[in-house]
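Chemist: I have a structure I would like to understand better, so I am pasting it below and will then ask my questions one at a time.
The values are calculated or read from the model by the stated rules, or taken from the named source; none is laboratory data. Model, not experiment: these values are computed from the prediction. Quick reminder, even Gly has a Cβ in these numbers, built from the backbone with ideal geometry, and neighbours come from all protein chains shown. Accessible surface is based on the protein model in full, side chains and every heavy atom, while ligands, DNA and RNA are left aside. Shrake-Rupley method; radii C 1.70, N 1.55, O 1.52, S 1.80 Å.
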Amino acid sequence: MGGVTQGIRLVMLGRQGAGKGTQCVRVSRHYVVPHISTGDMLRAAVKADTEVGRKAKGFMDRGELLPDEVIVEVVDFQLNHSNTTHRGFILDGFPRTVPQAEALSGIVADRGGLDLVIDLEVPIPIVLERLAGRRVCVDCGTNYSVQEPPKNGWVCDHCGGDVVQRADDTEEAIKRRLDLYERETAPLIEWYEKAGLLVSVDGLGTADEVTERVVGAIDERTGRR
Ligand code: ADP
Ligand code: ZN
């Protein structure tokens, strides 16, 4: 079977600043499946001032997690009622707790479960450095950095939106999110390992190098190679 005709059901784990967002966009193009980022969806909901957005804003600004039942409902809708995920999906930012992972198992059970879960590994001192310099397009969510800015001022190369520092990329909120990651999300790595789904990928190096590793891991796991 040709690579592009076959979809993929993937969860991407990795702490803040590991490069999850960047890699998910590339992998989503490679396998032609949607990139479902709960952070991007929630930021869009806040901007559009929807009911979910109004619920989410305070949690997000403080660097706290939304209640599981709120985010599970959002993801369940995307996966089962939005008609975009028949070929599969890449989940970025979900699940983040063991109860969310349990809910996801139920949500995807009738389509054969997940193909794999990738843990993108980058050490804490390096993510701290990356997060301090991170900038993002308010309209399309493309990531930039102080080291790799857009071509023309702080205007997005893709959509012309403003490129800014995220409201939750303050030093204090970053610390809180990293602590939360160790406490709530790191246990998921063990949970998925026990489920036989986990593949760890080294997240150091250039974006291209990491993409090659990620695609290699997926193809190996799904018997494409
Ligand atoms: P980061 O990975 O940098 O923490 P995200 O963009 O993934 O940021 O998410 C931003 C915020 O959105 C989180 O800090 C949290 O408040 C909320 N959020 C996103 N995904 C989830 C989730 N699965 N469960 C609970 N809250 C979430
Ligand atoms: Zn943009």
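Chemist: Could you say which residue among Asp92, Asp110 is away from ligand 2 (no atom under 16 Å from the Cβ) and closer than 20 Å to Thr38 by Cα? Give the derivation first.
Modeler: Working: Asp110 fails: closer than 20 Å to Thr38 by Cα.
Sole residue among the options that is away from ligand 2 (no atom under 16 Å from the Cβ) and closer than 20 Å to Thr38 by Cα: Asp92.
Chemist: Restricting attention to the range 156-193, and to residues there that are within 16 Å of ligand 2 (Cβ to nearest atom) and in contact (Cβ under 8 Å) with a residue 24 or more places away in the chain, which single residue is nearest to the chain's Cα centre (by Cα)? Steps first, answer last, please.
Modeler: As a first pass, look at the range 156-193 and keep what is within 16 Å of ligand 2 (Cβ to nearest atom): 156-166.
Retained after the next criterion (residues that are in contact (Cβ under 8 Å) with a residue 24 or more places away in the chain): 161-166.
On the way: Gly161: 21, Asp162: 21, Val163: 19, Val164: 19, Gln165: 18, Arg166: 16 Å.
Only one residue fits best here, namely Arg166.
Chemist: Okay, moving on. Restricting attention to the range 137-155, does a residue exist that is under 30 Å from Gln6 (Cβ atoms), open to solvent by less than 70 Å² (accessible area, probe 1.4 Å), among the polar types (S, T, N, Q) and within 16 Å of ligand 2 (Cβ to nearest atom)?
Modeler: Going residue by residue through the range 137-155, those that are under 30 Å from Gln6 (Cβ atoms) are 140-143.
Then drop every residue that is not open to solvent by less than 70 Å² (accessible area, probe 1.4 Å), which leaves 140-143.
Next, only the ones that are among the polar types (S, T, N, Q) stay: 142-143.
Now narrow it down to the ones that are within 16 Å of ligand 2 (Cβ to nearest atom): 142-143.
Within the range 137-155, one or more residues are under 30 Å from Gln6 (Cβ atoms), open to solvent by less than 70 Å² (accessible area, probe 1.4 Å), among the polar types (S, T, N, Q) and within 16 Å of ligand 2 (Cβ to nearest atom).
Chemist: Of Lys47, Lys57, which residue is under 21 Å from Cys137 (Cβ atoms) and without any contact (Cβ under 8 Å) to a residue 60 or more places away in the chain?
Modeler: Matching residue, one of Lys47, Lys57: Lys57.
Chemist: Still on this structure, I have one more. Given the conditions (1) within 30 Å of Glu64 (Cβ to Cβ); (2) surrounded by 16 or more Cβ atoms within 10 Å (Cβ to Cβ); (3) at pLDDT below 95, which single one is not true for Leu198?
Modeler: (3)
Chemist: Which one of these does Gly113 not meet: (1) in contact (Cβ under 8 Å) with a residue 40 or more places away in the chain; (2) assigned to a helix (DSSP H, G or I); (3) not polar (S, T, N, Q)?
Modeler: Gly113 satisfies every listed condition except (2).
Chemist: Still on this structure: Kindly indicate the residue of the range 65-86 that is open to solvent by less than 70 Å² (accessible area, probe 1.4 Å) and among the charged types (D, E, K, R) and also farthest from ligand 1 (Cβ to nearest atom) among those meeting that condition.
Modeler: This residue is Asp76.
Chemist: Among the residues of the range 77-100, how many are out of contact with any Lys or Arg (no Cβ under 7 Å at 6 or more places or on another chain) and under 24 Å from Gly223 (Cβ atoms)?
Modeler: 6
Chemist: Could I ask something else about it? Could you figure out which of (1) open to solvent by less than 50 Å² (accessible area, probe 1.4 Å); (2) within 16 Å of ligand 1 (Cβ to nearest atom); (3) over 22 Å from Asp40 (Cβ atoms) isn't true of Asp169?
Modeler: Failing condition for Asp169: (3).
Chemist: Pull up the range 130-153, narrow it to residues that are assigned to a loop (DSSP other than H, G, I, E, B) and of a type in the set (Val, Ile, Thr), then point me to the one that is farthest from ligand 1 (Cβ to nearest atom).
Modeler: Selected residue: Val146.
Residues are listed down the side, and each one gets a yes or a no for (1) at pLDDT 95 or above; (2) in contact with a helix residue (DSSP H, G or I) (Cβ under 7 Å, 6 or more places away or on another chain):
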residue: Arg15; (1), (2): no, yes
residue: Gly19; (1), (2): no, yes
residue: Thr22; (1), (2): no, yes
residue: Ala44; (1), (2): no, no
residue: Pro67; (1), (2): yes, no
residue: Val72; (1), (2): yes, yes
residue: Asp76; (1), (2): no, yes
residue: Phe89; (1), (2): yes, yes
residue: Asp110; (1), (2): no, no
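Chemist: In this structure, does Val108 turn out to be away from ligand 1 (no atom under 12 Å from the Cβ), open to solvent by less than 70 Å² (accessible area, probe 1.4 Å) and either at positive phi or in a helix (DSSP H, G or I) (or both)? Show your work before the answer.
Modeler: Details: away from ligand 1 (no atom under 12 Å from the Cβ): yes; open to solvent by less than 70 Å² (accessible area, probe 1.4 Å): yes; either at positive phi or in a helix (DSSP H, G or I) (or both): yes.
When the stated conditions are applied, Val108 passes them.
Chemist: If Ile36 meets every condition in (1) surrounded by fewer than 18 Cβ atoms within 10 Å (Cβ to Cβ); (2) outside any helix (DSSP H, G or I); (3) under 13 Å from the mean Cα position of the chain (by Cα) apart from one, which number is that one?
Modeler: Every condition holds for Ile36 apart from (1).
Chemist: Still on this model: Do you know which of the residues in the range 17-26 that are touching a Leu at 6+ places or on another chain (Cβ under 9 Å) and open to solvent by 20 Å² or more (accessible area, probe 1.4 Å) is farthest from Tyr192 (Cα to Cα)?
Modeler: Gly19
Chemist: Can you tell me which residue among Arg43, Arg29, Arg54, Arg9 is open to solvent by 40 Å² or more (accessible area, probe 1.4 Å), within 10 Å of ligand 1 (Cβ to nearest atom) and basic (Lys, Arg)? Steps first, please.
Modeler: Details: Arg29 fails: within 10 Å of ligand 1 (Cβ to nearest atom); Arg54 fails: within 10 Å of ligand 1 (Cβ to nearest atom); Arg9 fails: within 10 Å of ligand 1 (Cβ to nearest atom).
Step by step, each of Arg43, Arg29, Arg54, Arg9 is checked, and only Arg43 is open to solvent by 40 Å² or more (accessible area, probe 1.4 Å), within 10 Å of ligand 1 (Cβ to nearest atom) and basic (Lys, Arg).
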